[in-house]
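The values are calculated or read from the model by the stated rules, or taken from the named source; none is laboratory data. Since we're looking at a predicted model, the values are computed, not measured. Glycine also receives a Cβ, built like all others from the backbone with ideal geometry; neighbour counts cover every protein chain displayed.
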Amino acid sequence: MQSPPFQLAGAIGAALRSGGTDVLRPVDACCAAPAREAVSVAPRRRRLADLDTPMHCSVIGTCLTTTALRSLMARLGAIDARDASDLDVHHAAVELAGRPGPAVKALHKALDDKHAPAIRRFGRTDDPKRLAELWHEAMEGGDVPGAYWAVLTHPQATSDLRKRAFGDVHMLSHLVGAANRADLRRLAALEAQQVELKAQADRQQERIAQLAAECDALQQQRAALELELHARRAAAKAAAADSEALAGLRDALGERERIVALHTARREVAERDALVARDESRIRAAELERARRTIDALLQEVAALEHEVAASDGDAARPHALQGRRIVYVGGRPSTSNAIRALVERAGGGIVTHDGGVEQRKGQFAASLPGADLVVFPVDCIDHDSVGTIKRLCERHGVPYRALRSASIASFAAAVADLGSDGSPAAESPRAAAARPCLRHG
């Protein structure tokens with residue numbers, strides 16, 4: 001999990017100016033805005049422990065890099081630095097941030113040390129209106145992590161300003177997901193551009209070699225001219241040679257030196273251009289590989305969905321892998337949950353849905369586990385606390401679980417596509433599922 005791509009902050013600047021905080025209203029429990037605080041202003045900077053619990057996740061994920069967070073958590077003894085995944089590190093830090101003690105103090109100090117310049121910049125004002133302007137400037141410039149921490153802990157920051165900053169940062173994570181669709185359109189262009197950049201780099205290398213050969217030849221010519229000049233000078237002293245011939249040789253030597261300097265400068269420029277072209281080619285190759293991985297995941301989901309559609313249109317008497325199996329689906333959206341329920345029941349299986357704590361109590365989840373063959377949950381429509389509860393209960397009851405890429409029907413179909421032919425779920429083990437990177441924070 002790397003630092004979030006806050007270069008997108010400038011892209012939503014117009015939406016923030018025109019829509020205010022209304023366009024950033026969260027839609028599920030994970031996105032829930034912090035509770036409204038009292039209007040009174042704290043006399044000092046707020047500590048990490050003073051912030052509302054829903055803010056801990058966004059502060060840890062936004063304001064600390066994975067490397068720094070992993071090192072700190074290992075030093076505090078909260079994780080196994082060798083085996084813990086990035087998601088485990090993030091969850092451990094979020095849990096510690098909500099508990100009083102030395103761990104939350106260490107997290108607060110790490111955040112203050114990393115973002116000291118932003119804290120000083122925001123600390124120069126005590127006007128809430130000016131704080132809002134500084135936050136808006138940080139969003140427009142893409143300098144979000146330090147500004148986010150400085151705003152949340154500023155003693156003069158109002159509850160509305162902190163909720164606005166919370167919503168702005170949350171929407172940035174959604175825009176990263178939306179950018180994947182643009183990556184699909186850019187894939188062909190990136191491949192063509194990569195080929196062109198490689199060809200350009202090869203041409204630059206050939207030109208560099210040619211300029212180097214020309215430079216060496218000019219150096220040899222210069223050395224020969226210098227020898228000739230010295231010989232003519234000696235002859236002039238001995239035989240009083242014509243001064244005009246000597247001046248001509250000097251002019252020729254100067255012209256040769258000018259040409260050598262010109263070609264040397266051109267060679268240096270060509271070398272720099274070649275290095276830039278190589279770096280751009282590597283960047284484009286990395287972007288292309290990420291786009292290909294995204295396409296592979298989407299193709300897998302589409303293939304699974306097509307298989308389900310084909311199976312529903314085929315022989316109804318043919319046994320289905322879900323037949324007689326009981327699935328527990330936690331989280332998701334009501335629109336897709338109903339379609340998933342119909343898919344499972346049409347295949348002869350049973351499904352129990354739980355909204356992850358939005359309207360149903362989380363305590364009801366444990367009652368749905370007995371007799372379950374598989375537990376699935378979409379990582380984009382469930383909060384961290386529910387994910388931790390699911391893992392603990394599934395490990396306790398010996399029920400396999402699987403995290404879905406999204407709350408779509410295609411993700412569900414891909415997850416159950418590899419169920420065993422005998423009906424037994426070929427789900428990931430708890431250790432394998434925990435080792436996979438978080439699809440939201442990865």
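The table that follows gives values for the structure above.
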quantity: Test result for Ala201, on the phi > 0 side of the Ramachandran plot and either free of Cβ contacts under 8 Å to residues at least 40 places away in the same chain or surrounded by 13 or more Cβ atoms within 10 Å (Cβ to Cβ) (or both); calculated: no
quantity: The stretch 387-399 residues that are over 15 Å from Asp373 (Cα atoms), paired with ones that are surrounded by 13 or more Cβ atoms within 10 Å (Cβ to Cβ) (beta carbon under 7 Å, 6 or more apart); calculated: Val387/Phe377; Gly388/His91; Thr389/Lys362; Thr389/Phe365
quantity: Residues being out of contact with any strand residue (DSSP E or B) (no Cβ under 6 Å at 6 or more places or on another chain), farther than 17 Å from Arg325 by Cα, part of a loop (DSSP other than H, G, I, E, B) and not hydrophobic (A, V, I, L, M, F, W, C) - total across the stretch 337-374; calculated: 4
quantity: Filtered residues of the stretch 326-338 (kept if surrounded by fewer than 22 Cβ atoms within 10 Å (Cβ to Cβ) and under 17 Å from Val375 (Cα atoms)); calculated: Arg326, Arg333, Thr336, Ser337, Asn338
quantity: The stretch 88-118, residues that are under 22 Å from Gln156 (Cβ atoms) and in contact (Cβ under 8 Å) with a residue 60 or more places away in the chain; calculated: His108, Leu111
quantity: Qualifying residue in the stretch 169-186 (condition: among the basic types (Lys, Arg) and within 27 Å of Thr389 (Cβ to Cβ)); calculated: no
quantity: Subset tally (residues that are crowded, with 22+ Cβ neighbours inside 10 Å and acidic (Asp, Glu)) for the stretch 108-160; calculated: 0
quantity: Candidate set from the stretch 293-318 (those that are loosely packed, with under 13 Cβ neighbours inside 10 Å and modelled with pLDDT of 80 or more); member that is nearest to the chain's Cα centre (by Cα); calculated: Arg293
quantity: Residue within the stretch 74-87 that is over 19 Å from the mean Cα position of the chain (by Cα) and part of a helix (DSSP H, G or I) present; calculated: yes
quantity: Options Ala297, Ala261: the member that is assigned by TED's automatic domain parsing to the domain that holds Cys215 and touching a residue at least 24 places away in the same chain (Cβ under 8 Å); calculated: Ala297
quantity: Options Ala212, Ala223, Ala240, Ala236: the member that is at positive phi, of a type in the set (A, V, I, L, M) and surrounded by fewer than 16 Cβ atoms within 10 Å (Cβ to Cβ); calculated: Ala240
